[in-house]
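*Asks:* Here you go, one structure.
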There are 2 protein chains.
Amino acid sequence: MDEASLFGVEPEELSAVRSAFTEATYRGLEYAYLGSPTRGIERGTVRIADTLVRGYPSTPRVLMLDPGVPTFFDGPLAIEEKLNGYNVRIAHVGEPLAFTRSGRICPYTTRIAREQLNLQAFFAAHPDRMLCAEFVGPENPYTPHEYDVDSLEPRVFDVRHRETGRPMPVKQRRAIAERFDFPQPDWFGVVDPGDIESIREAITELDARGREGIVMQSMDGRDLLKYTTAATHRQDLESAFALPFDYGQEFLFSRLIREGFQAVEFDADETAIRERAHGLGEAILEPMVETIRAVEAGETVGERHTVRGSDSAVGELLIHLEEQGLSIEIEADRRQGGERIVEFVKISNTTRDKIEHFLAGGTIDQ
Amino acid sequence: MDEASLFGVEPEELSAVRSAFTEATYRGLEYAYLGSPTRGIERGTVRIADTLVRGYPSTPRVLMLDPGVPTFFDGPLAIEEKLNGYNVRIAHVGEPLAFTRSGRICPYTTRIAREQLNLQAFFAAHPDRMLCAEFVGPENPYTPHEYDVDSLEPRVFDVRHRETGRPMPVKQRRAIAERFDFPQPDWFGVVDPGDIESIREAITELDARGREGIVMQSMDGRDLLKYTTAATHRQDLESAFALPFDYGQEFLFSRLIREGFQAVEFDADETAIRERAHGLGEAILEPMVETIRAVEAGETVGERHTVRGSDSAVGELLIHLEEQGLSIEIEADRRQGGERIVEFVKISNTTRDKIEHFLAGGTIDQ
């Protein structure tokens, strides 16, 4: 297939598409990634050697399950847990490589994927597919969350054609993942689009356990729809208001809007709405106060992460993060059972500087 | 004084400045107003006949009284109540005219100013000054709030040179306002910049009464600094989340940030912070839920206002608002004591359309 057909663009658009890619290298291997969506091509799409690794598409979200789900789907849908970690595609391009959402090859995730997944066997059988996996767990360089996971593990939630991005039907994908012993997201069954009750039950259960939400999918795997819990909206707000000047206002606003519609759909009465409101207020104010006090006390503010691995794996990861322009401060660095464990902070200079300005009595024009 | 000197710009900037003004007419009188600040010239500056009416400057805000106030002021400061209404300048240009913050002549406010203030006497004595007044009260076409006011009344908080914008010293201004019987904002005395205790007392008292906050001012009237109460932050959030898609995200975010710093400075313990958090959550979620339900029920959503006056005054106001592109829906129109009283809604099409989209099961890409 020629390059324009592969990208799904007109031949005359090709030069614009090519110039939107950013060049990078991984251990001498040259590749280029698409940092933002361009002419219908997904963010995170990668050109590497003579092939393409398609970006993972953004999944539309519904704010009202009813009538959102029956409006979106015209046949049965599979429900799986949506996990809160980071989204990685693993493709075999000369060797198995792990690409983050934006298309960068992550050396740390590549290693963990190779250790924990039987990639040789999978790619021998399916050389032109990519595994789409969420990496979850507390020892996580990007999005740490508590799961029943000690350190960091993948959950394979999709198998797609590497170049076209075409997904496998849901049941086939789950069967293949099982055959290769790949851990998968929890399965909530197949329901009819009108069966809102079952979908709400899944949400209520996940919310009670502090989990993120669900992905609903047509059985051919082509139509995806997501919905998230109040627990995750609050966690998002807590993270964001701990570093208020580093998060986009769009990020904050969207979580508040989700809560508004969820209250209308889920809350039984005004008492339930008031309780939700109080949780929301706590998620906003308390992390912000804590961060202002931390800046006042001269502490480092930023996102805290822990990672674990061989000396070289951890060292390589820290270099990879700094190459992306992040300021890293190492808070603890120790060895345990032959592994190196590093606790570090991605320093938030913007939040620190703005808070220092106001604490010093600085003014603002609004 | 030539035009460039009047504006305080270089002669070669004059054409850029001129073209930033918007032309308008008021009863056949042509004038032009500056809708946004341009080359250091305040928003709301007006060119009319052969003269200039200077815009009211934006007042810087401090988020921490301590050390904000002693950092900002180097001598005694006057404290006055900051009122929550709309800011109007009244200047005598052929006749006394009331200019809103953006520089438009408001026919309704012009009438009320003439009825309630002895403008002939004032402008006879001070022809080149402008009165800066906040119009407050429940019957208010722009910013309705409860005060000890039946309908709508001005509070004169500043007297400035019309063309240069130079303010009068505080005590002289208050004495002149008193001489002409102009109502003024409440007076909280003169304090030293280090006297944070007195300033906090004023804030605490105003907060308990649901009032907006204070303006602090150097005695020559030239340096102004504002600080607002939790009560007003909550009221702002309530208004904004009642029409979430019509308010800017910057508006929402700034109120939340103010609360964070105020909690650090004012709240005695974690219980007080939690109470503040709950109030914040209620101010966000409950108005949003109410509006979603109203759209669901097919009701008109928007800001509700009541105005009162002669037939022609009220009619002229409604035309003035529609000329600004607002969609107005009249909900009640009655007569009382020879006056016309109209209750109307400024319809919020954006909020209605977005909420209808999500209620109908529409999706969003985030």
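The values are calculated or read from the model by the stated rules, or taken from the named source; none is laboratory data. Keep in mind it's a predicted model, so treat the numbers as computed, not measured. Every residue, glycine as well, gets a Cβ built from its backbone with ideal geometry; the counts of neighbours run over all protein chains shown. Each accessible area value is taken on the protein alone, full model and side chains, heavy atoms only, with ligands, DNA and RNA left out. Shrake-Rupley method; radii C 1.70, N 1.55, O 1.52, S 1.80 Å.
Residues checked against (1) assigned to a loop (DSSP other than H, G, I, E, B); (2) under 20 Å from A:GLY361 (Cα atoms); (3) within 11 Å of chain A (Cβ to nearest Cβ); (4) free of Cβ contacts under 8 Å to residues at least 60 places away in the same chain:
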site	(1), (2), (3), (4)
B:ALA202	no, yes, no, no
B:ARG211	yes, no, no, no
B:ASP220	yes, no, no, yes
B:THR232	no, no, no, no
B:ALA240	no, no, yes, yes
B:ALA277	no, no, yes, yes
B:ILE284	no, no, yes, yes
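*Asks:* Out of all the residues in the stretch A:258-270, which are in a helix (DSSP H, G or I), open to solvent by 10 Å² or more (accessible area, probe 1.4 Å) and either closer than 14 Å to B:GLU290 by Cα or among the acidic types (Asp, Glu) (or both)?
*Replies:* So in the stretch A:258-270, the residues in a helix (DSSP H, G or I) come out as A:258-266, A:270.
Next, from what is left, pick out any that are open to solvent by 10 Å² or more (accessible area, probe 1.4 Å): A:258, A:264-266, A:270.
Of everything in the stretch A:258-270, those that are in a helix (DSSP H, G or I), open to solvent by 10 Å² or more (accessible area, probe 1.4 Å) and either closer than 14 Å to B:GLU290 by Cα or among the acidic types (Asp, Glu) (or both) turn out to be A:VAL264, A:GLU265, A:GLU270.
*Asks:* Can I ask one more? Across the stretch B:114-141, what is the number of residues that are free of Cβ contacts under 8 Å to residues at least 12 places away in the same chain and under 20 Å from the mean Cα position of the chain (by Cα)?
*Replies:* Here the count works out to 0.
*Asks:* Select from the stretch A:325-366 the residues that are touching a residue at least 40 places away in the same chain (Cβ under 8 Å), within 14 Å of another protein chain (Cβ to nearest Cβ) and among the hydroxyl-bearing types (Ser, Thr, Tyr) and write down the one among them that is most open to solvent (accessible area, probe 1.4 Å).
*Replies:* Within the stretch A:325-366, the match that is most open to solvent (accessible area, probe 1.4 Å) is A:THR350.
*Asks:* Sticking with this one: Within the group B:LEU97, B:LEU14, B:LEU6, B:LEU34, which residue is modelled with pLDDT of 95 or more and either more than 18 Å from the chain's Cα centre (by Cα) or not assigned by TED's automatic domain parsing to the domain that holds B:LYS171 (or both)?
*Replies:* Details: B:LEU97 fails: either more than 18 Å from the chain's Cα centre (by Cα) or not assigned by TED's automatic domain parsing to the domain that holds B:LYS171 (or both); B:LEU14 fails: modelled with pLDDT of 95 or more; B:LEU6 fails: modelled with pLDDT of 95 or more.
One residue alone meets the criteria, B:LEU34.
*Asks:* Is it true that A:ASP186 is more than 17 Å from A:PRO57 (Cα to Cα), open to solvent by 60 Å² or more (accessible area, probe 1.4 Å) and touching a strand residue (DSSP E or B) at 6+ places or on another chain (Cβ under 8 Å)?
*Replies:* yes
*Asks:* For B:HIS161, which of the numbered conditions (1) buried (at least 19 other Cβ atoms within 10 Å of the Cβ); (2) touching a strand residue (DSSP E or B) at 6+ places or on another chain (Cβ under 7 Å) fails to hold?
*Replies:* Single failed check for B:HIS161: (1).
*Asks:* Limited to the stretch A:324-362, what total is found for residues that are touching a Gly at 6+ places or on another chain (Cβ under 7 Å) and either assigned to a strand (DSSP E or B) or within 13 Å of A:GLU299 (Cα to Cα) (or both)?
*Replies:* 6
*Asks:* Inspect all residues belonging to the stretch A:127-137 and state whether any of them is under 28 Å from A:GLY40 (Cβ atoms), open to solvent by less than 10 Å² (accessible area, probe 1.4 Å), at pLDDT 95 or above and of a type in the set (Gly, Ala, Ser). Outline the logic, then answer.
*Replies:* Of the stretch A:127-137, the ones under 28 Å from A:GLY40 (Cβ atoms) are A:127-135.
Cutting the leftovers down to open to solvent by less than 10 Å² (accessible area, probe 1.4 Å) gives us A:130-133, A:135.
Checking which are at pLDDT 95 or above leaves us with A:130-133, A:135.
When the remaining residues are screened for being of a type in the set (Gly, Ala, Ser), the result is A:133.
For the stretch A:127-137, residues under 28 Å from A:GLY40 (Cβ atoms), open to solvent by less than 10 Å² (accessible area, probe 1.4 Å), at pLDDT 95 or above and of a type in the set (Gly, Ala, Ser): present.
*Asks:* Still on this model: All but one of (1) surrounded by fewer than 18 Cβ atoms within 10 Å (Cβ to Cβ); (2) within 12 Å of chain B (Cβ to nearest Cβ) hold for A:GLY315; which doesn't?
*Replies:* Failed condition: (2).
*Asks:* Do we find a residue being polar (S, T, N, Q) and part of a strand (DSSP E or B) anywhere in the stretch B:294-313?
*Replies:* Within the stretch B:294-313, one or more residues are polar (S, T, N, Q) and part of a strand (DSSP E or B).
*Asks:* Ok, one more. Please pick out the residue among B:PHE251, B:PHE245 that is part of a helix (DSSP H, G or I), within 10 Å of chain A (Cβ to nearest Cβ) and of a type in the set (Phe, Trp, Tyr).
*Replies:* From the options B:PHE251, B:PHE245, the qualifying one is B:PHE251.
*Asks:* Considering only the stretch A:143-158, state which residues are among the polar types (S, T, N, Q) and either within 30 Å of A:LEU52 (Cα to Cα) or open to solvent by 40 Å² or more (accessible area, probe 1.4 Å) (or both).
*Replies:* So in the stretch A:143-158, the residues among the polar types (S, T, N, Q) come out as A:143, A:151.
Within the stretch A:143-158, just A:THR143 meets the criteria.
*Asks:* Same structure again: Give A:ARG200, A:ARG209, A:ARG222, A:ARG234 a once-over and let me know the one that is farther than 16 Å from A:GLU134 by Cβ, in contact with a strand residue (DSSP E or B) (Cβ under 9 Å, 6 or more places away or on another chain) and open to solvent by 10 Å² or more (accessible area, probe 1.4 Å).
*Replies:* Result: A:ARG222 is the single residue among A:ARG200, A:ARG209, A:ARG222, A:ARG234 that is farther than 16 Å from A:GLU134 by Cβ, in contact with a strand residue (DSSP E or B) (Cβ under 9 Å, 6 or more places away or on another chain) and open to solvent by 10 Å² or more (accessible area, probe 1.4 Å).
*Asks:* Now for a different question. Out of B:ARG54, B:ARG89, B:ARG61, B:ARG43, report the one residue that is within 25 Å of B:ILE214 (Cβ to Cβ) and open to solvent by less than 10 Å² (accessible area, probe 1.4 Å). Please lay out each step first, then the result.
*Replies:* Working: B:ARG54 fails: open to solvent by less than 10 Å² (accessible area, probe 1.4 Å); B:ARG61 fails: open to solvent by less than 10 Å² (accessible area, probe 1.4 Å); B:ARG43 fails: open to solvent by less than 10 Å² (accessible area, probe 1.4 Å).
Going through B:ARG54, B:ARG89, B:ARG61, B:ARG43 in turn, the sole match is B:ARG89.
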